[in-house]
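Throughout, read-outs are computed from the coordinates displayed, never taken from laboratory work. None of the values given here were measured: they were computed from a predicted structure. Here the Cβ positions follow ideal geometry from the backbone for every residue, glycine too, while neighbour counts run over all protein chains shown.
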Amino acid sequence: MAKFSRCLILLVLAVSLAGCVHDTTRQAGLRAWAGELPFVTRQMKTAGFWIARHPHPDKIILTPKEITSYNSYITCDLGLTNDIANAAPRYSGDLLSGALKEALSSVEDKGLYDIHTRPAGKAFFVRMQKKMRLEEIGPEINVRYGFISRYCDQRILPSDEGLFASPDDIDFDELQNSSLEIGAPVLILHESNDGAWLYVVAAASSGWVKSGNVAFCDKAVLADYVNRRPIAVMTASKADIYLDPSLRDHYGYVHMGFVLPLAEEGASDAVKVMVPFRADDGRFTARACYMKKDEVNIGYLPYTPRTILEQAFKMLNAPYGWGGMRGEQDCSMFIQEIFGTVGLKLPRNSSAQGKVGYPAGEIDKNTTDEDKYDILSKRAISGITLLYMKGHIMLYLGSVDGRPYAINALWAYREKQGDEELTRVVNRVAVAELSLGKGSAKGSLLNRISSIRIIGNPR
């Protein structure tokens, strides 16, 4: 049996990798728009407010060399991301088969509903099992290589059909695993029986994508493209790609933090980048495209609190999107994108992100809200500290008048209303004071925090 790279893992498929556990913040039948969140003032809605309060906003947290080592640690030591360019050429069929079976049974056990509000029947899962060709997976898989040529959804099962936790749950498709950007390198491990779907491993997630969104290439071609320098780093919330230097023939867009090889900086308002395209035979070809200079940076931004805060607030009020649905971002994708601008390659889901960095303080089930606030006020660092709770993650901003704040991509929170609870729908990236949700069955954001971690090296 061939050896498999320890820097390549098959990321969890039994449950969705989408960043937030949505059923902890929703209650069918009692919903209202959140509007302005309590204790958040107009001034708090810009990066400058928090930068002005920061003792060292321009301090370099990690150098480029340290970031490279940090990424390697996340991949090879923590096993939370994949090194696609250096993956082994063969993969264990038993591992793949086990992951696909677990994904299928996990979805089936949830008792989900289809888009027509009917319970997902046995026939659907029988059809999925047949489509996945589980019995044809051999003991060893020869890995194929490719690039995503169009922004696409990555699914837990090879199906466009949505499945939902309740009949009114259409904002949260339980089959949505993640989404992949134009230019994302992938390993191709399996194909559906109709050839319409490919099971791929990306840098931070694994799942099914439509075959037409993948451009095939050789391993050497993939490695050459991924390692090209210099690079254009996306610094806009959504950076547009055009086919012409006059920026009129629109091709698509890529999210903040993603990178494309730079072909030419140019003297105009556009930069030329190399973008993967899928030729008629399905093979990879790199094509010169154009992007606005003010939506990219040549090379990564410096990792400072100022950088992260400024990038985070570029996303303020951006719509929430479970697992990248509709081209938006959930809580962990928001974190992934802003830290991507400095070159940090964080894991995809919130629970994995909650394991990165070093703890600002120890928290267990007996830690009080006062103790958590003490850790935040004395040890957490604005702009580089992640606050994790089950199913959700936030970026710490700081404290004002004894109240701690974070910025996060938030779908909703619960509010006590007499004997019942009202779900206040936020559905956007927002600044939140951490008492949000106090008095509800789930408790406040502060009460639910189980990890406070700083993304840097302990000094």
- request: State the extension gain, in nm to one decimal, for the chain segment bounded by L316 and T285, taking 0.36 nm per residue of separation less the distance between their alpha-carbons.
  value: 7.6 nm
message: With θ taken as phi - 60° and the coefficients 6.51, -1.76 and 1.60, list the Karplus ³J(HN,Hα) couplings across region 223-228 in order, rounded to whole Hz; mark glycine and proline as x.
response: 4, 4, 5, 5, 8, 5
Furthest towards positive pole of dipole, M389, I452, H54, structure part the chain, Cβ charges: H54
field: Isotropic mean projected area of the C-alpha convex hull, region 99-154 (nm²)
entry: 5.7
message: Cut-off under 23 Å on the C-alpha distance; same-chain residues fewer than 8 positions from K442 excluded. Which lysines are left, in chain and number order?
response: K110, K355, K365, K372, K390, K416
task: Please compute the net charge surrounding H255, taking Lys and Arg as +1 and Asp and Glu as -1 over other residues with Cβ under 10 Å from its Cβ.
output: -2
task: Tell me the label-point distance for the pair R403, N193, using the 7 Å Cα-to-Cβ offset, in nm and rounded to one decimal.
output: 5.8
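What FRET efficiency comes out for N86 versus D58 if R0 is 22 angstrom and r is the Cβ-Cβ distance? Round to the nearest 0.05.
E(calc), rounded to 0.05, equals 0.05.
How large is the dipole of the chain about the Cα centre if only Lys and Arg carry +1 and Asp and Glu carry -1, each at its Cβ, rounded to the nearest 20 debye?
Dipole of the chain, to the nearest 20 debye: 700 debye.
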- request: Starting from the Cα of L243, step 7 Å along the direction of its Cβ; do the same at I170; then give the gap between the two resulting points in nm.
  value: 3.3
task: Counting helices only, and only those DSSP H runs with n ≥ 4, report the 222 nm mean residue ellipticity of the chain as the sum of -39,500 (n - 2.57) divided by its residues, in deg cm²/dmol to the nearest 500.
output: -5500 deg cm²/dmol
message: Looking at the chain, I'd like the Rg to Rh ratio, where Rg is from alpha-carbon atoms and Rh is Kirkwood's inverse mean 1/r.
response: 0.96
statement: Expected sort for 114-122, 196-204, 168-176 on mean C-beta neighbours within 10 Å, highest first, is 196-204, 168-176, 114-122
- request: Determine the gain in length on full extension of the stretch S106-K292; use 0.36 nm per residue of separation and subtract their C-alpha separation, reporting nm with one decimal.
  value: 62.6 nm
query: Residues in region 132-158 near a label at K219, defined as backbone nitrogen under 17 Å from the 7 Å Cα→Cβ point?
result: 140-147
- request: On a C-alpha basis, how far is the centre of region 41-69 from the centre of region 299-370 in Å? Whole number, if you could?
  value: 13
